[in-house]
Amino acid sequence: MKTDTFPIGIFPVEDALEMVLMFDQTGEISYANETVRQKLEYDKDLCGRHISAVFPNTFRTAEDDFDVESLKLGTLQNLVAYRKNLTCFPVEARIIKSEICPEVYICMATDILEKEYLGREIERIKQESQEAMKVKSEFVANVTHELRTPVNGVLGNVRELLDGNLDEGTERSLRVIERCCDDMNKIINNILDFSKLEAGKFNLEPRKFHFRNMLEYVKANHINKITEKGLDFFMTVSPQIPEYIVGDELRIVQILNNLLSNAQKFTSLGKITLEVFRTAQVNDKIELFFIVSDTGIGIDAGDRNKLFQSFSQVDASISRKYGGTGLGLNICKQLVELMGGRIDVESEKNRGSNFSFSIWAGVCEGEEAVLQRPDDVKNPLTFIQSEGSAENGSNLENVKTYGTQGNQENLRKTLSKLILCVEMENWEKAEMFMETIRQLTDEAPWEVKRIALRLKMAIQKENYEKAAAEFDALNRFLM
Ligand code: ADP
């Protein structure tokens, strides 16, 4: 069958958006649809011409040398199509052999001029934004570095002054400056880490370290603040974890510090626990699974997915009340992912939160023995540390119920800590204990709640006389 007898009518090619051309074994064009005619600016006069008139770069050989073997049938090719006036544009084309008429070749092509242009534009914008990102992170790195020098200068001098003989008022002021400098250093370090992680310039530094000593160090960082707030602390580590592992100790400590500070910051009543398990082993690598749980304010379902984004705090009142930059959890997420793991949160408003993360670490030679102890199979967890009273932590609901023995004991304990802070005029800490008292009196009769509210207002106004009077009034209910 000749190409001019090809049954075009049975295919809707004439109005197709794609360019459709047909030619025979000699390369002579027998059909071109409306799109081809428009794009190549021909009338009907394209038929009868040679295919090399449209694709001169591909089918350079003229009529006599045209070879169908060179057509690369079926594959998608990037070709250059020429208009009648010899200007050109790029196309994506596929040439196939007709199944109905074997001597007919069909070329279907799409104009990709716009696509190529957009591709180049996207590439340009990507490069520009990478360049801008680089400039931004270098700027952030320089500024934070410049900030760190004066902060450390202030801190050093304050510590020197603190070593001398000081009156009570001066010492208190210097302690405040010292704490502010420490906070500022934490923020500066967070911003530095964040900008390095964002710029992909962050490298882990794995080395061998004593796993339980690392946990003891983390515990030591937090235990004072936790017990000062009257909270319990429990730490459990699986004996299946070898004594020494290979990992970036500094960064594991950083993640745990962040999660435990948050747990402590957002919990006024109950307990904080840290648990570590060994969940998998592949050759000389083990997967460690950490859980940090608290019985604090919890997080709404809607807010949970915002948590790991940068600069995200659940709401503005949180940053006013508890401080922070909202970078901590984002840095944790990026660090955990660099260590091959993931971080998750389970939480319920007013019922506490469980932050868990996994990481992969190396096992040192000879450490396998730890995993073989028969007792471990029966008892995969070992209780290695507990602080405070277990009864208090495990019976949180009872403690929260006003009037129960646990509730009254806790109220008494917290009130005595609160009055000490009032005596010392440590109003910030007094506010912290006040939050615990608010929770403990949440279900109390109206007159108790009213006194607690007045006590809170007196503390906020830093009014010693009023706070002491309301304290006495509240204390009378507990006698
Ligand atoms: P920041 O450095 O400001 O503490 P994070 O990224 O560590 O920021 O935490 C972001 C926000 O997540 C906090 O401001 C708080 O709203 C919420 N959040 C984190 N941990 C807890 C927790 N244990 N309980 C309740 N809310 C939490």
Residue 200 versus (1) in contact (Cβ under 8 Å) with a residue 60 or more places away in the chain; (2) within 26 Å of the chain's Cα centre (by Cα): which is the lone unmet condition? (1)
Would you confirm whether or not segment 181-204 contains a residue that is within 26 Å of residue 345 (Cα to Cα), out of contact with any helix residue (DSSP H, G or I) (no Cβ under 6 Å at 6 or more places or on another chain) and not in a helix (DSSP H, G or I)? yes
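Residues are listed down the side, and each one gets a yes or a no for (1) modelled with pLDDT of 85 or more; (2) farther than 27 Å from residue 234 by Cβ; (3) surrounded by 14 or more Cβ atoms within 10 Å (Cβ to Cβ):
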| position | (1), (2), (3) |
| --- | --- |
| 395 | no, no, yes |
| 399 | no, no, yes |
| 404 | yes, no, yes |
| 413 | yes, no, yes |
| 424 | no, yes, no |
| 440 | yes, no, yes |
| 454 | yes, yes, yes |
Test: residue 337 is away from the ligand (no atom under 13 Å from the Cβ), surrounded by fewer than 15 Cβ atoms within 10 Å (Cβ to Cβ) and at pLDDT 90 or above: yes
Screening 253, 292 for residues that are closer than 19 Å to residue 345 by Cβ and touching a helix residue (DSSP H, G or I) at 6+ places or on another chain (Cβ under 8 Å) leaves only 292
Are any of the residues in segment 215-222 out of contact with any Lys or Arg (no Cβ under 6 Å at 6 or more places or on another chain), within 16 Å of the ligand (Cβ to nearest atom) and of a type in the set (Ser, Thr, Tyr)? no
Against the definition (acidic (Asp, Glu), touching a Lys or Arg at 6+ places or on another chain (Cβ under 9 Å), at pLDDT 85 or above and assigned to a helix (DSSP H, G or I)), how does residue 447 come out, yes or no? no
Failed item, numbered, when residue 100 is tested on (1) in contact (Cβ under 8 Å) with a residue 60 or more places away in the chain; (2) surrounded by 12 or more Cβ atoms within 10 Å (Cβ to Cβ); (3) over 48 Å from the mean Cα position of the chain (by Cα): (2)
Is it the case, given these coordinates, that residue 101 is under 30 Å from residue 30 (Cα atoms) and assigned to a loop (DSSP other than H, G, I, E, B)? yes
Restricting to segment 186-211, name every residue that is touching a Lys or Arg at 6+ places or on another chain (Cβ under 8 Å) and either surrounded by 16 or more Cβ atoms within 10 Å (Cβ to Cβ) or at pLDDT below 90 (or both). 188, 195, 199, 202
Say whether the condition of being touching a residue at least 60 places away in the same chain (Cβ under 8 Å), of a type in the set (Val, Ile, Thr) and in contact with a Lys or Arg (Cβ under 7 Å, 6 or more places away or on another chain) is met by at least one residue in segment 234-244. yes
I'm trying to understand the selection: among the residues of segment 61-88, which are surrounded by 15 or more Cβ atoms within 10 Å (Cβ to Cβ), in a strand (DSSP E or B) and either touching a residue at least 40 places away in the same chain (Cβ under 8 Å) or of a type outside the set (A, V, I, L, M, F, W, C) (or both)? 77, 81, 82
Would a scan of segment 191-199 turn up a residue that is of a type in the set (Ser, Thr, Tyr) and within 17 Å of residue 273 (Cα to Cα)? no
So for segment 225-244 (the condition being within 16 Å of the ligand (Cβ to nearest atom), at pLDDT below 95, part of a loop (DSSP other than H, G, I, E, B) and in contact with a strand residue (DSSP E or B) (Cβ under 9 Å, 6 or more places away or on another chain)), does at least one residue qualify? yes
Do any residues in segment 112-140 that are touching a residue at least 60 places away in the same chain (Cβ under 8 Å) have Cβ atoms under 7 Å from those of residues that are acidic (Asp, Glu), where the two are at least six apart or on different chains, and which pairs are they? 137/198
Inspect all residues belonging to segment 258-271 and state whether any of them is within 12 Å of the ligand (Cβ to nearest atom), modelled with pLDDT under 85, outside any strand (DSSP E or B) and among the basic types (Lys, Arg). no
Residue within segment 211-223 that is within 30 Å of residue 415 (Cβ to Cβ), in contact (Cβ under 8 Å) with a residue 60 or more places away in the chain and touching an Asp or Glu at 6+ places or on another chain (Cβ under 8 Å) present: yes
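The values are calculated or read from the model by the stated rules, or taken from the named source; none is laboratory data. Everything numeric in this text was worked out from a predicted model, so none of it was measured. Methodologically, a virtual Cβ is constructed for each residue, glycine included, from the backbone with ideal geometry; neighbour enumeration extends over all protein chains shown.
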